[in-house]
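Worksheet for the structure shown next.
The values are calculated or read from the model by the stated rules, or taken from the named source; none is laboratory data. Please read all numbers here as calculations on a predicted model, not as lab measurements. Cβ: placed from backbone, ideal geometry, glycine included. Neighbour counts: every protein chain shown.
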Amino acid sequence: MKTLHVEKLISDNDMPKYFNTFVKPSQIKTILDEDADVYTSDGKLLLRFRKNKLSKEKTDKFYNAVADFTMKHPTKNRGSTTGSKKKDIRHNPAVMSSILGYFDRWGPSHKISFNKLKMKQPLEVRETMFSGTHPDKFKKTFPYVKEIDEQYKKLVPAQYKKQRKKANQTFFKIPGTSFTTITTNINFQTSIHTDKGDDVEGFGNLAVIERGHYTGGETCFPQYGVAVNVREGDILFMNVHEWHGNLPIVKGNENVLRMSVVCYLRKNVWLRTKGKSKKFMQDHLQMVKDVKARIKKMTLKNKRKKGGTRKYLGGGHKSYDDMMGYDYKIKAQ
C-alpha cells in the first residue's frame, strides 16, 4: 500500500481564487489508482483509498433503484459546483444530481404551502423527493449504504465513532448507518469547492458506479496536486473540507454513465431531531404528506377555475410534482 505526505502547492490565501473553477490537469501531479493513504505535511489524514471493497450485487441494486430518478430529475440548483457564475439559478446549467434520505431546509414550494394553509413553519427537517415518493426504492439502497458504512468504521474509526454516536441519536437516518443523507450525481464534473452542512467531526466518502467505458473524472485535491481514480467497487474516504473537484469525464460513447455516490450526516438534521422519538418522526413526516395532499387538492381545484397552476403556485413551478420536489443544492463529488 502506498503512503504519501503532501505539501500545499497553493497557499490557503490563494485557494479561494479557484473556487467555482474547474480543475486543470496541470494542477495535478499525482493520480492514485491503488490502495493509498495520503497525509498533509502536518500529519492530518487527507484521504484513504481502497480498491474493490464494495460488492457488485449491492452496487447494482443501488444503481437500479436510483439511476432512473436521478436522470429524469435534472436540477439547476447546484450553482457552486457547476462552474456557473450566475446568481439566478434559472440560468445555471442543469445537471443530473439528486438527494436521498433526509434534508434540513424547506424548499420554496414548502414555504408557499405553509403560507397558503396559514401554518406556522414546522421543524425544518424533511424527506427528500426521492425518499418520499419512492419509499420501496429507497429501502433498496440500504445494503449498499451499509457496506460503505462498514468500510467507514473499519478504515476511519476515530471519525466514524463520533459520527455514528450522533446518528444513533436520531431516527431521521439511513437505518443501521452513520448517515442521514445520500447524494447521487451522473456525469457531473464538479468545480473546485468545499463541502458544507455535513458533520464536521466526521469524514467524507465517495463511491462510483459505472455503465460503459470512460476515462477521467478523477477526484482531485488541487491545493496538494493529488487526485484519485475512483472506479466501481472502490471506496474513497476524504477530508471534504479541503478544496476538491473533478477532472473532465471523457465518455466512450453517448450512453456512458458515471454515477458518484456520497453518503453523509447533515449536521442540522441531527441537531434538530436528536433525542426525538420514532413516533415524532412518523408524525412529522405524515404532517408534511398531509400538507402536500391539501395543497394538491387546492391546486387542482384552482386549475379547474383558472385553467392552470403557474399563477397559483407563485410563478416558476410548472406542475405540482415540480413544486413539491424542489431540493436545495448539496454535495457533489
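Here are the numbers for the structure shown:
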read-out	value
Matching residues in the range 120-154 - criterion: being over 26 Å from F203 (Cα atoms), assigned to a helix (DSSP H, G or I) and of a type outside the set (D, E)	G132, T133, P135, K137
Matching residues, the range 155-187, being within 22 Å of K274 (Cα to Cα), touching a residue at least 40 places away in the same chain (Cβ under 8 Å) and either of a type in the set (D, E) or part of a loop (DSSP other than H, G, I, E, B) (or both)	Q169, T170, F171, F172, K173, I174, T177, S178, F179, T180
Number of the exception - K58 against (1) touching a residue at least 40 places away in the same chain (Cβ under 8 Å); (2) touching a strand residue (DSSP E or B) at 6+ places or on another chain (Cβ under 9 Å); (3) not aromatic (F, W, Y)	(2)
Only one of F142, F171, F179 that is surrounded by 22 or more Cβ atoms within 10 Å (Cβ to Cβ) and among the aromatic types (F, W, Y)	F179
Residue within the range 212-223 that is of a type in the set (D, E, K, R) and surrounded by fewer than 17 Cβ atoms within 10 Å (Cβ to Cβ) present	no
When residues of the range 95-119 are limited to those that are in a loop (DSSP other than H, G, I, E, B) and in contact with a helix residue (DSSP H, G or I) (Cβ under 7 Å, 6 or more places away or on another chain), the one modelled with the highest pLDDT	D104
Filter result (on the phi < 0 side of the Ramachandran plot and either buried (at least 22 other Cβ atoms within 10 Å of the Cβ) or among the small types (G, A, S) (or both)) within the range 224-235	Y224, V226, A227, V228, V230, I235
Per-region count, the range 20-61, residues within 20 Å of the chain's Cα centre (by Cα) and not hydrophobic (A, V, I, L, M, F, W, C)	7
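Conditions (1) acidic (D, E); (2) modelled with pLDDT of 95 or more; (3) within 30 Å of Q169 (Cα to Cα); (4) touching a helix residue (DSSP H, G or I) at 6+ places or on another chain (Cβ under 6 Å), marked per residue:
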site: N246; (1), (2), (3), (4): no, yes, no, no
site: L265; (1), (2), (3), (4): no, yes, yes, yes
site: K274; (1), (2), (3), (4): no, yes, yes, no
site: K311; (1), (2), (3), (4): no, no, no, no
site: G316; (1), (2), (3), (4): no, no, no, no
site: Y320; (1), (2), (3), (4): no, no, no, yes
